[in-house]
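The values are calculated or read from the model by the stated rules, or taken from the named source; none is laboratory data. Owing to the predicted nature of the structure, the values given are computational and were not obtained by experimental measurement. Please note: Cβ atoms are built from the backbone with ideal geometry, for glycine as well, and neighbour counts cover all protein chains shown. In case anyone asks, the SASA skips ligands and DNA or RNA and just uses the protein heavy atoms, side chains included. Shrake-Rupley method; radii C 1.70, N 1.55, O 1.52, S 1.80 Å.
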Amino acid sequence: MTADPNAATQDFPAPEPSERPPNPARYLIPALVAAAVAVALGVYGKVHDPAGTAFNLAGFSSTGAVKSWLATAAMFFALVQIVSASMLYGKLPGPPWSGTLHRWSGRVAFLIAVPVAVHCLYALGYQTYESRVLWHSVLGCFFFGAFSAKMLLLRWERLPGWLLPIVGGLVFAALTIIWLTSALWFFRTFGVTT
């Protein structure tokens, strides 16, 4: 028996999509990128001869004040990220535009954090002379590595539902400790000044 090439094919069943879970090895790529970014920043910060200052903005008394206020603004937008992510995952009630709020607050937080990181790396480098500074240096590098992994994972389909909240939580936790070891320390040591 031969098949009629002109016959309608509408009633043929579609092939079943593969329900195989994704291979865990595919998550190795974002992990390797995260490690490469973190190590590259750490190595640059360690071998670079610190310049002492990278930028200052008019209206601020010092580069420490600029960094502290920018870091505080980044922390504020990171808190918006946590609240909007809770809305997206149904943990908090939220408006239909909570996804847009989540995406844009993350972009703003990152854009504010970049000049702070550039200043830290260029002006101060990777320092280890006391535990506060060591944690700040390590987690600063970790933050940008974890953020890179999160951005890569966002583009992939069929992620386990727990993966993005875990990676996002790591990014938030790192930023929180970075803020505690820098901006909060600055405000407690030198006062809340501009």
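Hey, any idea what % of region 47-141's accessible area is carbon plus sulfur with a 1.4 Å probe? Heavy-atom surface of region 47-141 belonging to carbon and sulfur, 1.4 Å probe: 70 percent. Each residue, Trp185 and Trp97, gets one label point 7 Å from its Cα in the Cβ direction; the gap between the two is 3.9 nm. Here the spin labels are modelled as points 7 Å beyond Cα on the Cα-Cβ line, and at Gln127 and Val39 they lie 2.6 nm apart. Length gained on full extension, Val83 to Ala51, computed as 0.36 nm times the residue gap minus the Cα-Cα distance: 7.7 nm.
Given R₀ = 22 Å, FRET efficiency for Thr193-Ala73 by Cβ-Cβ distance, to 0.05?
About 0.90, to the nearest 0.05.
Residues of region 132-152 falling in the label zone of Arg107, defined by backbone nitrogen less than 19 Å from a point 7 Å along Cα to beta-carbon, are 147-152.
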